[in-house]
């Protein structure tokens, strides 16, 4: 998604779009690395010199409120961001710090404790050692 496409997408969601918002949203859609604010600032700071950490945090919180991104609170204590709002799980590798999307979902109808609840979303984070790091150990 380029900046123009990001602008159109955000405007279709009723979001007043600035150049900084469009650049951030475009980046988030193109990078599937679940970036933190610092990662975004490092990657985008050269392209948008006026961009600050505070702007990124405020923009991400605004996007979360508007329902166009989700915030991942992983076991590394950092806030990661994801523009993929489809139902999926996240696996965080404790060795390489990569966060993987897993497009598997739990069948909440089969969890007895949830039988009287109405489930709208699943946000599940799993951590361990990824297959790439396991191969390196052998």
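The values are calculated or read from the model by the stated rules, or taken from the named source; none is laboratory data. What you see is a predicted model, and the numbers here were worked out from it, not measured in a lab. Every residue, glycine as well, gets a Cβ built from its backbone with ideal geometry; the counts of neighbours run over all protein chains shown.
On the basis of being touching a residue at least 12 places away in the same chain (Cβ under 8 Å), under 20 Å from residue 122 (Cα atoms) and in contact with a helix residue (DSSP H, G or I) (Cβ under 6 Å, 6 or more places away or on another chain), does residue 69 make the cut? Give the derivation first.
Details: touching a residue at least 12 places away in the same chain (Cβ under 8 Å): yes; under 20 Å from residue 122 (Cα atoms): yes; in contact with a helix residue (DSSP H, G or I) (Cβ under 6 Å, 6 or more places away or on another chain): yes.
Yes, satisfied.
Inspect the range 58-68 for any residue being touching a strand residue (DSSP E or B) at 6+ places or on another chain (Cβ under 7 Å) and in a strand (DSSP E or B) and give the result as yes or no. Explain how you work it out, then say what you get.
Start the filter on the range 58-68 by keeping residues that are touching a strand residue (DSSP E or B) at 6+ places or on another chain (Cβ under 7 Å), which leaves 60, 64.
Still in the list and also in a strand (DSSP E or B): none.
For the range 58-68, residues touching a strand residue (DSSP E or B) at 6+ places or on another chain (Cβ under 7 Å) and in a strand (DSSP E or B): absent.
Identify the single condition in (1) loosely packed, with under 13 Cβ neighbours inside 10 Å; (2) in contact (Cβ under 8 Å) with a residue 24 or more places away in the chain; (3) within 28 Å of residue 7 (Cα to Cα) that residue 29 does not satisfy, given that it satisfies every other one.
The one condition residue 29 does not meet is (1).
The rows are residues; the columns are (1) in contact with a strand residue (DSSP E or B) (Cβ under 8 Å, 6 or more places away or on another chain); (2) touching a residue at least 60 places away in the same chain (Cβ under 8 Å); (3) part of a strand (DSSP E or B); (4) in the same structural domain as residue 53 (by TED's automatic domain parsing).
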site: 77; (1), (2), (3), (4): no, no, no, yes
site: 96; (1), (2), (3), (4): no, no, no, no
site: 101; (1), (2), (3), (4): yes, yes, yes, no
site: 105; (1), (2), (3), (4): yes, no, no, no
site: 121; (1), (2), (3), (4): no, no, no, no
site: 133; (1), (2), (3), (4): yes, no, no, no
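Among the residues of the range 81-93, what is the count of those that are surrounded by 13 or more Cβ atoms within 10 Å (Cβ to Cβ) and either more than 23 Å from residue 136 (Cβ to Cβ) or free of Cβ contacts under 8 Å to residues at least 40 places away in the same chain (or both)?
Within the range 81-93, the first condition is being surrounded by 13 or more Cβ atoms within 10 Å (Cβ to Cβ), and the residues that meet it are 81-84, 87-93.
Filter again for either more than 23 Å from residue 136 (Cβ to Cβ) or free of Cβ contacts under 8 Å to residues at least 40 places away in the same chain (or both), leaving 81-84, 87-89, 91-92.
Residues that pass the stated criteria total 9.
Which of the residues that make up the range 39-52 are modelled with pLDDT of 95 or more and surrounded by fewer than 13 Cβ atoms within 10 Å (Cβ to Cβ)?
42 - this is the single residue of the range 39-52 that is modelled with pLDDT of 95 or more and surrounded by fewer than 13 Cβ atoms within 10 Å (Cβ to Cβ).
Does residue 46 satisfy the criteria of being in contact with a strand residue (DSSP E or B) (Cβ under 9 Å, 6 or more places away or on another chain) and not assigned by TED's automatic domain parsing to the domain that holds residue 124? Step through it out loud before you land on a result.
Details: in contact with a strand residue (DSSP E or B) (Cβ under 9 Å, 6 or more places away or on another chain): no; not assigned by TED's automatic domain parsing to the domain that holds residue 124: yes.
Here the answer is no, as residue 46 does not meet what is asked.
Condition (residue is assigned to a loop (DSSP other than H, G, I, E, B) and either in contact with a helix residue (DSSP H, G or I) (Cβ under 6 Å, 6 or more places away or on another chain) or farther than 20 Å from residue 84 by Cα (or both)) applied to the range 23-41: is it met by at least one residue? It would help to see each step written out before you state the result.
Of the range 23-41, the ones assigned to a loop (DSSP other than H, G, I, E, B) are 31-36.
Adding the requirement that they be either in contact with a helix residue (DSSP H, G or I) (Cβ under 6 Å, 6 or more places away or on another chain) or farther than 20 Å from residue 84 by Cα (or both) leaves none.
The answer is no, given that none of the residues of the range 23-41 is assigned to a loop (DSSP other than H, G, I, E, B) and either in contact with a helix residue (DSSP H, G or I) (Cβ under 6 Å, 6 or more places away or on another chain) or farther than 20 Å from residue 84 by Cα (or both).
Taking the range 79-92 as the search range and keeping residues that are outside any strand (DSSP E or B) and closer than 18 Å to residue 26 by Cβ, which one is modelled with the lowest pLDDT?
Residues of the range 79-92 that are outside any strand (DSSP E or B), as a first pass: 83-88.
Going one step further and asking which of them are closer than 18 Å to residue 26 by Cβ, we end up with 83-85.
Numbers: 83: 95, 84: 93, 85: 89.
Residue satisfying both the conditions and the ranking: 85.
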